[in-house]
Amino acid sequence: MDIVRLKSFCKVFELKSFSKAAKDLFVSQPTVSSHVSSLEEELDQKLFDRIGKSVIPTVAGHTIYKYAKKILELLYKAELEVKLLKNQVVGSIKIGGSTIPGCYILPKVISKYCNSYPKVDIQLEIDDTEKVVNRILEGSLDIGVVGAVYEIEDLFFQKIIDDRMVFVGNSKYLDKINSPKDVINVPWVIREKGSGTRRAVEAGLKNAGIDINELNIKAMVTNTQGLLGLVASDVGISVTSMFAASPLLSMTSLAIKEYPFFEFKRSFYLVYHKGRTIYPAVKIFIDFVYKTSKEIEDKMIANGRFQHD
């Protein structure tokens, strides 16, 4: 079987589209169609059913994909190992970040890394903590930086930086909070279940004797940018990371506040699968994560935005 044809087949299988596969592979659609047709002729089996605009893999297609994917992965590893003989840091890294580290920490890490190792391709995917952890567990991401630790034997978690979480919102709401119970009487915007921010908020409220279900929740949102947009639009208050809240300091209509009766603790963690091979490109990236996180933390402390324990 021809490797190029297998690559075209796998891409059509994954994207369920000949045109999208062609675009992703930087070739023409007729080329991809020819590759798949040649493979079907060689195997004397239809690999896809074309129904209208839909491309549906057949049973034979599913079988071939299972083995073709393994073949391509082995070939990729072989190419990397050969290049490693020349001590080159090459290849690609698929990184997952939960919302805060994905938007405020990893971009700085990636910038420094790419300047030093331009031959490495970086793919950053941002999602909530639970989804990033699950994707590392299944092997579709190489490493991640997330806002919570899960008790999963196959995964390695290492703290890289502490987070400081603060209340954000209009002063007309924040000024009404003089005791833990007062948070029940103001409108709230919260993150979705599975979010590291949500877990930290729930824990902090619980320690103060408040159940999150007691809150007057006006909106739930799946990312920090949306949450801050709703807070800025006066939908309600929220609790978020100082990383995200800092830019709001220049907005006169919003305030950032902390209360002695609430303590929201959390950290960000590097996570990867213990069973995955850590190639030099990934190993060096991990070093950059630790170094850059320390630089960020030191700068935030110097600016008074972090507090020493």
### Summary
Length-normalised contact order of the stretch 126-206, Cα under 8 Å, at least 6 apart, in percent, tallies to 34
### Task
Could you work out the Kirkwood radius for the stretch 147-297, taking every pair of different alpha carbons, averaging 1/r and inverting it, reported in Å?
16.8
### Query
What residue among TYR150, TYR269, TYR65 has the largest mean-square fluctuation in a Gaussian network model of the chain, using Cα springs under 10 Å?
TYR65
### Summary
Distance in Å, no decimals, from the C-alpha centre of the stretch 49-73 to the one of the stretch 212-281 is 41
### Query
Got a number for the accessible area of LEU25? Probe 1.4 Å, square angstrom, nearest 10.
50
### Task
Any lysines with Cα under 22 Å of the LYS131 Cα? List them, leaving off those in the same chain fewer than 8 positions away.
LYS94, LYS159, LYS193, LYS265, LYS274
### Summary
Taking the dipole of the chain about the Cα centre (Lys, Arg +1; Asp, Glu -1; charges at Cβ), the one of THR197, PHE264, GLY229 that reaches farthest to the positive side is GLY229
### Message
Can you tell me which aspartates and glutamates have their Cα less than 16 Å from the Cα of LYS176? Leave out same-chain residues fewer than eight positions away.
### Response
ASP234, GLU258
### Task
Please give every one of the lysines within straight-line cross-link reach of LYS172, meaning a C-alpha to C-alpha distance under 20 Å, and leave out same-chain neighbours fewer than 8 residues apart.
LYS181, LYS218, LYS257
### Summary
Quick calc, GLU214 & SER54: beta-carbon distance into FRET formula, R0 35 Å, rounding 0.05, result 0.15
### Query
Helix 129-138 versus the longest principal axis of the chain: what is the Cα-based angle in degrees, 0 to 90, to the nearest 10?
30
### Task
Please work out how much length the chain gains when fully extended from GLN158 to SER140, using 0.36 nm per residue of separation minus the C-alpha to C-alpha distance, in nm with one decimal.
4.5 nm
### Task
Count the lysine pairs in the stretch 11-57 whose Cα atoms lie under 14 Å apart, taking only pairs 8 or more positions apart in sequence or on different chains.
4
### Task
Starting from the residue with the highest accessible area, list ASP49, ASP24 in decreasing order, probe 1.4 Å.
ASP24, ASP49
## Note on the structure
Result for the chain: accessible area per residue, probe 1.4 angstrom, in square angstrom, of 53
#### Entry: FRET efficiency estimate (nearest 0.05) - Cβ-Cβ, LYS206 to SER92, R0 35 angstrom
0.25
### Query
Using alpha carbons only, how many degrees (0 to 90, rounded to 10) separate the axis of helix 106-116 from the longest principal axis of the chain?
50
### Task
Whenever you get a sec, compute what percent of the accessible area on the stretch 79-199 sits on carbon and sulfur atoms (1.4 Å probe).
45
#### Entry: Listed peptides 56-62, 29-35, 101-107 by packing density, highest first (mean Cβ within 10 Å)
101-107, 29-35, 56-62
#### Entry: the chain, Cα convex hull volume normalised per residue, Å³
179
### Task
Can you tell me the relative contact order of the chain? Whole percent, Cα pairs under 8 Å, sequence separation 6 or more.
20
### Summary
Per the 1/(1 + (r/R0)^6) rule, R0 = 35 Å and r from the Cβ atoms of GLU151 and SER111, FRET efficiency to 0.05 is 0.60
### Task
Quick one: work out the % antiparallel among DSSP beta bridges in the chain, nearest 5.
60
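The values are calculated or read from the model by the stated rules, or taken from the named source; none is laboratory data. Small disclaimer: the values here were computed from a predicted structure and weren't measured. Virtual Cβ from ideal backbone geometry, glycine too; neighbours counted across all protein chains shown. Side chains included, ligands, DNA and RNA excluded: accessible areas come from the protein's heavy atoms. Shrake-Rupley method; radii C 1.70, N 1.55, O 1.52, S 1.80 Å.
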